[in-house]
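Here the structure comes first, spelled out in structure tokens, and everything after it is commentary.
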Amino acid sequence: MLKSLKSNDDLVAMKEACEEKFKSDKVRVYVCMTGCRALGAEEVYGEFQKQVKTQGLEDKVEVVETGCQGLCAKAPVMTIDPPGIFYGRVSVDSVPEIISSTILKGEVINKLCYAESGKKIPYMKDIPFYNRQQKVVLRNCGVIDPKNVEHYIARKGYEGLARALFHLPPEGIIKEIENSGLRGRGGGGFPTGTKWGFVRKAKSDIKYIVCNADEGDPGAFMDRAILEGDPHAVVEGMITAAFAIGANKGFVYVRAEYPIAVDHLEFAIHQARQLNLLGDNILGSGFNFDLEIKKGAGAFVCGEETALIASIEGKRGMPRPRPPFPAISGLWQKPTNINNVETFANVPLIMQHGSEWYKQFGTKNGSGTKIFALAGNVKNTGLVEVPMGTTLREIVFDIGGGIPGRRQFKAAQMGGPSGGCVPAEHLDLPIDYESVKEVGAIMGSGGLIVMDEKTSMVEIARYFMEFVQEESCGKCGPCRIGTKRMLEVLTRLVAGNGCREDIEDLTKMAHVTKNASLCGLGQTAPNPVLSTIRFFLKEFEELIP
Amino acid sequence: MEGKESNKQVIDMSCVRDIVSKFADRDDPNLISVLQQAQDEYGYLPKSVLKEISSVMDIPLTRIFGVVTFYSQFTLTPRGRHSIKVCSGTACHVKGAEGVKQKLRDELQINEGETTPDYQFTLETVACIGTCFLAPVMMVDERYYGKLTADKTSDIVGTYSNKKLGSE
Ligand SMILES: Cc1cc2nc3c(=O)[nH]c(=O)nc-3n(C[C@H](O)[C@H](O)[C@H](O)COP(=O)(O)O)c2cc1C
Ligand code: SF4
Ligand code: FES
Ligand code: FES
């Protein structure tokens, strides 16, 4: 049972106690127990615990379960610190050897090491995948036990909140967030401080705060990783935002396909309540706030903010016209602030270190870092965090290790069904909100799917159209009918039954759907088609008999 | 089936009331949460249960139907003991999810959206389960499985079929 914290002094005392508690000369074995479960991480973790116990190594070795460590391609993954060795594809059978050789004798087991061009690289600090990244928002992910708030607090967790509560007026917090240049990570890139300011100014006795954890874009898993690996960062960000805008109640809308994320979030909320970081009179500040989890019921369109609101209210998740924006009239017609998981996870850092510190990362158009979910035909699929303005080439080749099987890079799909494909000629594009738009894709939430020369781009365009056509809520004609008709044309083209006029028709329909649809889903649904026509017209033409 | 259903109905309704009453003293009597818990309880949403929810919560049945049919999570027909959700998201698509889907169809002798006659498995597709780094992937109940091949897929399905024999 955790002791309730009555003041900032109590928090400081707890942090010191936690630091002391984790200061030890034990060897720590960090086992990823989230995404890696898909390849048997639980068994590996269990075996480590068992072996450490039966061999009587408890005062020498500590086994820690963590969130995603990034290099998910090598699942199940683990690190041993000291000396900072990374092992992948670990199996239950390799556990005894890891203990006897690596942990007890300091010897490296070659076959478990990460390799690049045939060379084994045992230490994390030498692996390009790690040393080319800048882990800022993900600083805790893969390093702490996400279910143990003491780990989070030992690493300065909730310090930013304390600064917000005791040293800044609500307007001061908003100013700080504005100055930091933080923009929404959910896809739109709207300045976060400005949004908070709107909700703060809206007059109402009741206001709400909502965290959008619907993460519907296929190919995206950043929000999942944050919630699973460092849930308190999101909780802390939400409490801070709530205090700044004057909300006393918050919701996290999580998709149902993320049971581990829901579980870890439940842990975090429960612990925060015990510590008096949620509930009445938080840390003795007089501020009251509580959080609740709402599980999604499976509808992509519910990631759109007005649909999400309808869904929390227990209705069909249909978007409605804006204005009024949720900042003025949101949940139950009250002013509501909605931000994405990653956006909230940035907040504690800005509060802790200030906006000037934060601005050292990134570009003029987008400060801070961005987390990308690297998937598809790339060697190191996984979770990547880099400063805004990093080029696609650095992400795909330097960090991602390039394309497997000696194939050629063809395109990177960015922004999911509302984004587009960036071809090889734009590999040196520094990625930020504006530059990506110029090449017809969008930054989106951070899903990055690499496609090699064998991928048919027309087929990918068809695939996305099928997705949006199924997910269209049907409320407005241009989207409901437009996506259906475009899908028919694309299906015909892929099957080799298309004609020349089809490409022109597609473009026309794409523009109508873009311009006449009610919500973001319809407005962006044609993007994958348009970007494919723009960069891969030849492939369309080749399909026409 | 018929007998079972009517037999169950007596117990059913008290469960529904319990679920609804959990939300009763709140300012948002959330229909979706009630439906999710009811479906957890029964495995699907029988019409009798929806009628009961309608009368206890005082929400028109048409509205409840509107909500149930909007979200892919809800089902009006009984499901299998295990739900298999195979990912058809972009990353899985690029990495050969179609082969996995075909294997599942062959193995279970059903199509997506269907349930095996013995009510052991329901097969569904889902557009990404956030495990794209190990594509192609699927989820059985709440467990993730990655880097699937046709052989691996049938092995996994096999372990669930065996469990059934073992536990009953
Ligand atoms: C069809 C559609 C789906 C969306 N899905 C998501 C999502 O899964 N997660 C998310 O954070 N934002 C999503 N958005 C954007 C949200 O509407 C909203 O802009 C965002 O949550 C605001 O947070 P931010 O300012 O922190 O980015 C979606 C928008 C549309 C139109
Ligand atoms: S654009 Fe599409 S998803 Fe959005 S409201 Fe219209 S029909 Fe629904
Ligand atoms: S999920 Fe285990 S390392 Fe990413
Ligand atoms: S695309 Fe299959 S898990 Fe994301």
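The values are calculated or read from the model by the stated rules, or taken from the named source; none is laboratory data. Note that this is a predicted model, so its numbers are computed, not measured. FYI the Cβ positions are ideal-geometry reconstructions off the backbone, even for glycines, and counts take in every protein chain you see. Accessible surface is based on the protein model in full, side chains and every heavy atom, while ligands, DNA and RNA are left aside. Shrake-Rupley method; radii C 1.70, N 1.55, O 1.52, S 1.80 Å.
Which of the residues belonging to the range B:65-87 are within 29 Å of B:S161 (Cα to Cα) and either buried (at least 22 other Cβ atoms within 10 Å of the Cβ) or of a type in the set (D, E, K, R) (or both)?
Passing the criteria: B:R79, B:R81, B:I84, B:K85, B:V86, B:C87.
Do the conditions hold for A:G219, that is, is it surrounded by 19 or more Cβ atoms within 10 Å (Cβ to Cβ), modelled with pLDDT under 95, away from chain B (no Cβ under 13 Å) and not in a strand (DSSP E or B)?
Judged against the criteria, A:G219 is not a match.
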For residues in the range A:65-86 being outside any loop (DSSP other than H, G, I, E, B) and over 17 Å from A:G46 (Cβ atoms), which is nearest to ligand 4 (Cβ to nearest atom)?
A:C72
Mind listing whichever residues of the range A:446-468 are away from chain B (no Cβ under 12 Å) and either of a type in the set (F, W, Y) or surrounded by fewer than 19 Cβ atoms within 10 Å (Cβ to Cβ) (or both)?
A:E453
Within the bounds of the range B:143-162, is there any residue that is open to solvent by 60 Å² or more (accessible area, probe 1.4 Å), within 16 Å of ligand 3 (Cβ to nearest atom), touching a Pro at 6+ places or on another chain (Cβ under 8 Å) and not aliphatic (A, V, I, L, M)?
yes
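Name the residue, out of A:G482, A:G474, A:G522, that is outside any helix (DSSP H, G or I) and either surrounded by fewer than 23 Cβ atoms within 10 Å (Cβ to Cβ) or within 16 Å of ligand 1 (Cβ to nearest atom) (or both).
On the way: A:G482 fails: outside any helix (DSSP H, G or I); A:G522 fails: outside any helix (DSSP H, G or I).
Unique residue meeting the criteria: A:G474.
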Could you check how many residues of the range A:310-341 are in contact with a Ser or Thr (Cβ under 7 Å, 6 or more places away or on another chain), within 14 Å of chain B (Cβ to nearest Cβ) and open to solvent by less than 10 Å² (accessible area, probe 1.4 Å)?
3
Given (1) in a helix (DSSP H, G or I); (2) within 16 Å of ligand 4 (Cβ to nearest atom); (3) farther than 24 Å from B:T69 by Cβ, A:T507 misses just (2)
Count of the range A:290-309 residues which are open to solvent by less than 30 Å² (accessible area, probe 1.4 Å), touching a residue at least 60 places away in the same chain (Cβ under 8 Å) and at the interface with chain B (Cβ under 9 Å from one of its Cβ atoms)
3
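Scan B:T62, B:T116 and give me the residue that is among the β-branched types (V, I, T), open to solvent by less than 20 Å² (accessible area, probe 1.4 Å), over 30 Å from A:V458 (Cβ atoms) and more than 10 Å from chain A (Cβ to nearest Cβ).
Every option except B:T116 fails the conditions.
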Among residues belonging to the range A:176-203 that are polar (S, T, N, Q) and open to solvent by 40 Å² or more (accessible area, probe 1.4 Å), point out the one that is nearest to the other protein chains (Cβ to nearest Cβ).
A:T194
Collect the residues in the range A:244-263 that are part of a helix (DSSP H, G or I) and surrounded by fewer than 24 Cβ atoms within 10 Å (Cβ to Cβ), keeping them in residue-number order.
A:P259, A:I260, A:V262, A:D263
From the options B:V67, B:V49, residue that is more than 9 Å from chain A (Cβ to nearest Cβ) and in a helix (DSSP H, G or I)
B:V49
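In the range A:32-64, which residue that is part of a helix (DSSP H, G or I) and open to solvent by less than 20 Å² (accessible area, probe 1.4 Å) is farthest from the other protein chains (Cβ to nearest Cβ)?
Ranking the qualifying residues of the range A:32-64, first place goes to A:V52.
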